[in-house]
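Take a look at the structure below.
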Amino acid sequence: MAKTKAGKEDTDSYTMKGTKKIVKPGDYVLMRPVNPKRLPYVARVEKLEADSKKNVKVKVRWYYRPEESLRGRRTFHGAKELFLSDHYDWQSAYTIGGKCTVHSFKNYMKLKNVGTEDYFCRFEYKAATGGFTPDRVAVYCKCEMPYNPDDFMVKCEGCRDWYHPSCMEMTIEDAKNMEQFICSVCASNDDA
Ligand SMILES: [Zn+2]
Ligand SMILES: [Zn+2]
């Protein structure tokens, strides 16, 4: 193991207290909040370091929940959405309360079952400015919103765009029962 500073060593992994779960750099972890009533913080492990007394410290890169961003949660943000921030910290490895998975948006959409420990990330977030990368994503529907994986949408057989039933003055049930859906724009073009 390479010595970094006097008395500090890079370690390859950390075994969570009372468990057999092993945490390594690159893993996604849930960090215990000071207030146990709060949701755990989500982070990516960048580095692990042990001091001469074998106390392990972990360098984390924080994920922000939409509520923690400057602009707050918006309608297109998914319930399991996180932003990869540029905010790093050293924490005691003891704060690690569990492991989780932060999927890419594409992989998250392919999940058959979304578990409690599944999250997704499609934006990087600059904590100081509140800026997002990418700053533009594809938008859908009459409301021109980015896709929220928690919202049911129907595909128009005409223009092939996706629509929220509510934006088309339908219920989700109506939309699900339709054999094929034609949006209001395509429908009025057909009439012409
Ligand atoms: Zn809409
Ligand atoms: Zn259409």
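Odds and ends about this structure:
- Radius 11 Å from Cβ of LEU39, net charge of other residues (Lys, Arg +1; Asp, Glu -1): +2
- Charge dipole magnitude, Cβ of K and R +1, D and E -1 - the chain, Cα centre, debye nearest 20: 1580 debye
- For PRO134, net neighbour charge (Lys/Arg +1, Asp/Glu -1) across residues whose Cβ lies under 10 Å away: 0
- Partner lysines for LYS110 [C-alpha distance under 16 Å; skip if fewer than 8 residues away on the same chain]: LYS80
- Here's the picture: charge each Lys and Arg Cβ at +1 and each Asp and Glu Cβ at -1 in region 3-137, and of TYR94, SER52, VAL114 the one pushed furthest to the positive end of that dipole is VAL114.
- Farthest positive-ward along the chain dipole, Cα basis, beta-carbon charges - from TYR163, GLY26, PRO149: GLY26
- Residue-by-residue Karplus 3J(HN,Hα) for region 156-172, coefficients 6.51, -1.76, 1.60, Hz, glycine and proline x: 7, 6, x, 8, 6, 7, 9, 10, 7, x, 4, 6, 9, 6, 10, 8, 4
- Structural size metrics of the chain, computed from C-alpha coordinates, are Rg and Dmax of 21.9, 80 Å.
- Annotation: for a label point projected 7 angstrom from Cα along Cα→Cβ of THR116, residues of region 30-62 with backbone N closer than 18 Å are 30-43.
- Radius of gyration over Kirkwood radius for region 138-192, both on Cα atoms: the Rg/Rh ratio is 0.95.
- Extension gain, GLU169 to GLU46, is 39.5 nm, computed as 0.36 nm per intervening residue step minus the present C-alpha separation.
- Over 20 Å between alpha carbons, listed pairs LYS8/LYS99; LYS59/LYS99; LYS20/LYS106; LYS57/LYS99; LYS17/LYS99; LYS24/LYS112: LYS8/LYS99; LYS20/LYS106; LYS24/LYS112
- Highest mean packing first, where packing is the average number of other Cβ atoms within 10 Å per residue, the peptides 79-90, 150-161, 13-24 line up as 79-90, 150-161, 13-24.
Computed from the coordinates by the stated procedures, all read-outs in this text should not be read as laboratory data. What you are looking at is a predicted structure, and each value in this text was computed from that prediction instead of being measured. Positions of Cβ are generated from backbone atoms using ideal geometry, with glycine treated the same way; all protein chains shown enter the neighbour counts.
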